[in-house]
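The values are calculated or read from the model by the stated rules, or taken from the named source; none is laboratory data. Computed from a prediction, not measured in an experiment: that's the story for all the values here. Ideal geometry is used to build each Cβ from the backbone, glycine not excepted, and the neighbour counts take in all protein chains shown. Remember, those area values only see protein heavy atoms, side chains included, never the ligands or the DNA or RNA. Shrake-Rupley method; radii C 1.70, N 1.55, O 1.52, S 1.80 Å.
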Amino acid sequence: MKELTVKKRMAKDRLFHSLVLFFASLVVIPLLFLLGYIFKKGIAVINWDFIVSMPAGVGESGGGIVHSLVGTLLLILIAVFLSVPVAVGAALFINDHPKNRISQLIRFTVDMLQGIPSIIMGIVIYIWIVLPMKNFSALAGGVALGIMMLPIIIKSTEETLKMVPESLKEASLALGAPYYKTVLRVILPAGLSGILTGILLGVSRIAGETAPLLFTAFGNPFLNTDLFKPVDALPLLIYNYSTSPYPEWIRIAWGASFILVTFVLILNLITRWVVKKWQIKF
Amino acid sequence: MSASPLKVHKVKEKGFSAFLLFSGTLVLMVLGAFFVTLVLQSFPLFRETGLKFFTTSRWVPMENAFSVLPFIAGTLMTSFLSILIAFPFSMALSILLGEYIKTGPFAAAFKSVTELLAGIPSVIYGFWGIMILMPLVQSLQIKLGVIPYGVGVLTASLILSLMIIPYAASLGRDVISMVPGDLKEAAYAMGATRFEVVAHIILPYARSGITAGFFLALGRAVGETMAVTMLIGNSNFIPKGIFSPANTMASVIANEFGEADGMHTTALIAVGLVLMLLTGIINSIGKSIMKRFQVGG
Amino acid sequence: MADKVLNIRGLNAFYGSKKAVADVNIDFFKNKITAIMGPSGCGKTTFLRCINRIHEVNIEARARIEGDIFLNGENIAKMHPILVRRRIGMVFQKPNPFPHMTIYDNVIAGYRLNGIKKKKHEFDTLVEESLRKIALWDEVKDSLYDRGTFLSGGQQQRLCMARALAMNPDVILLDEPTSALDPIATAKIEGLLSELKEHVSIIIVTHNMAQAGRISDYTAFFYLGEMLEYGTTEKLFTNPAHEKTENFLTGQFG
């Protein structure tokens, strides 16, 4: 019979604890460095002019990225506008028929959709919309992003709807309200926080997506608000500028990165606030 | 003659249900249509060249030679290498946050940082990689006496591992914190140290969940596009080593689709089809193992 | 003193500022079954968890204790908690065999966890002996290498007892071990305890006074963290000294 002494075992225990701490902190360093770098480089570039003016020509200094900001907002609006009704409808359907074959298929589809690489979104939407319309467009980019948001909103909405008690539904039906009114006036408002959380999560997920936009929204050096014309977007600008040889463009790319990260960060904070504040309690 | 209110209700009721059914089936159809589109659009390639797509190993668009193998090799190499690099770090983070410090300001700070990093767009990771990582790898290559490309399989894998660590660690933390407290207590009650509880109870119990996390992280790595495209060096040959430039399936599409036409476009769509099938398979394996872990324990 | 296995002096336990165990003095007899009885929330489980220092494991809220506990004359506060727990085994309310281990491995889990290596045939003997002690051998001898998850609740709980006994502890602590079991499984375990006390001293927490009456040699009655009364079970059940004990025994509260 062989046995390690307690001393040795405790030493092993401490060694393991230190290893865990060591590796965990080691990984946080480059990650913090990454964040710090974006903020340091970005803040140096940011000013009011940067946000409201158009880019300057090659070789000139100054200029801004207003066209990308407007483009990103436009794309997000299209994506939200297209995906929210469908996502909420699908979530309500699953919630109404939880055991139904179609519902199970939808759940499976949602899982699969979430796993589709974003570049695939890009080429499929290119085939669906850009080719027939013979034009890159904000609409195509918005559709690609909208499809990426679908699974996130469906999941979040479904989770909240599950928590709305059956008795609330029955109470409304017992008052003689027809079913659709029960859904619209009672169930959806009760599940609003989940829908909102889903939208916020979805937006923060798509705001930085580049790959699905490469062959859909395409990018545009000019300000555009026409749905059927190509638009620029922050991530597209970062991609194009960061791989360019001009130092001035690289500076602008840092500024754009800073704005994008800050935007995502603020969305995250709002999401947390919504989750906390509006959490439904029954 | 106006319809009775009851009738109006009935029509609205029907319309509403129809809308829900429509939304649900639309979601289904989107996925189906994705698949069908990729199959139909890549079909001409297979009609023309048969299975050469899978049996040869050259991708030279000018000569109409299209093989997916260099990109499968590039994809598998970068994703496995990145998982290998990420593994010790994400395990350490999972164990730390799932067992050692479950609550408190430190855990909350760790959680916020990892959540924030998971939200940073891929293109920014790529940008940072070009600025910071590429020169680092270059100086390493000069020291080792290999051609200092700076970009290549290793650089792409490093940035990929940074990107998947937060995701893998949060999956791991969830899995580890699901290990029932009474099992840990039983082990402590027999005189086990914390390390022994982790090694003999927590990790074996969570093994299938951790495996699932591995697959899900792999699925992410395989499909990741922008950061890899910016750092892998974009070469259409099967990589010879970790310093070689290469292309993944996602990065070759991102790189060439914009300028492609004719059979080149078709071939890129076929690459997309293979990529979609591969990620689909990896993710389904991961999801099904995870479901079994959550139900059965 | 020689017939006492545990001496507890002035034991207090706190959760934050809340006192859960108040100034308990008690000696436990060797090779006897002592029941700790009282209404829920009386501190009996907290008290039990102090004895093997499992309260120090930071799983739930951690209790702070004052006072001394002697195991065969040795102060456990001065021993390493690992060694304390190996000499004082524990069985929990809910059966908790390790689901990722086979029945065989569950029995010798204590050895594996403590990194104690033995020859295969030594472990074989140990497994058989431990399983025979709790009358599980005949039921599982053909499935030793299967996972224990298919066993019934009662069998699982007996497996947990075998796991604790395999370490050859001086004392085992049972924390309401039958509260999750049906009456038949309960009776089986109760029957085993009187045989087991040949090998080991047993302390059992229960809020079921009938159980305490059926199986124990000594009984301690806890109320609001204090030990109100302690004596032979016969004396305590037939002639309780304290009014609260009598009320409890006659079902007037709890």
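Observations, loosely collected:
- Matching residues, region B:5-27, being within 7 Å of chain A (Cβ to nearest Cβ), aliphatic (A, V, I, L, M) and open to solvent by 40 Å² or more (accessible area, probe 1.4 Å): B:L21, B:L26
- For region A:102-127, a tally of residues being within 18 Å of A:V84 (Cβ to Cβ) and open to solvent by 10 Å² or more (accessible area, probe 1.4 Å) returns 1.
- Residue selected from region B:220-265 under the condition in a loop (DSSP other than H, G, I, E, B) and of a type in the set (S, T, Y), by the criterion farthest from the other protein chains (Cβ to nearest Cβ): B:S244
- Within region C:127-146, the set of residues being farther than 24 Å from B:L203 by Cα and buried (at least 18 other Cβ atoms within 10 Å of the Cβ) comprises C:V127, C:S130, C:L131, C:K133, C:I134, C:L136, C:V140.
- Counting only helices (runs of 4 or more DSSP H) wholly contained in region C:1-109, the ones carrying 1 or more residues that are free of Cβ contacts under 8 Å to residues at least 60 places away in the same chain and open to solvent by 60 Å² or more (accessible area, probe 1.4 Å) occupy C:81-87.
- Pairs meeting the criteria (first residue in region C:205-218 and closer than 21 Å to C:F92 by Cβ and hydrophobic (A, V, I, L, M, F, W, C), second residue at pLDDT 95 or above and part of a loop (DSSP other than H, G, I, E, B), beta carbons under 7 Å, at least 6 apart or on different chains) are lacking.
- B:F43 meets all of the listed conditions (1) more than 30 Å from A:D96 (Cβ to Cβ); (2) surrounded by 15 or more Cβ atoms within 10 Å (Cβ to Cβ); (3) not assigned by TED's automatic domain parsing to the domain that holds B:G152 but one, namely (2).
- Among the candidates B:V179, B:V153, B:V146, B:V123, residue that is in contact (Cβ under 8 Å) with a residue 24 or more places away in the chain, crowded, with 24+ Cβ neighbours inside 10 Å, among the hydrophobic types (A, V, I, L, M, F, W, C) and more than 24 Å from A:V264 (Cα to Cα): B:V153
- Restricting B:F46, B:F53, B:F34 to those that are facing chain A (nearest Cβ under 7 Å) and in contact (Cβ under 8 Å) with a residue 60 or more places away in the chain reduces the list to B:F34.
- Conditions (1) touching a residue at least 24 places away in the same chain (Cβ under 8 Å); (2) outside the structural domain of A:A233 (by TED's automatic domain parsing); (3) not aromatic (F, W, Y): number failed by A:L21: (1)
- Of the residues making up region A:128-185, just one is closer than 20 Å to B:F16 by Cβ, open to solvent by 20 Å² or more (accessible area, probe 1.4 Å) and among the hydroxyl-bearing types (S, T, Y), namely A:Y179.
- Of the listed requirements (1) of a type outside the set (F, W, Y); (2) at pLDDT 90 or above; (3) touching a helix residue (DSSP H, G or I) at 6+ places or on another chain (Cβ under 8 Å), C:K30 misses just one: (3).
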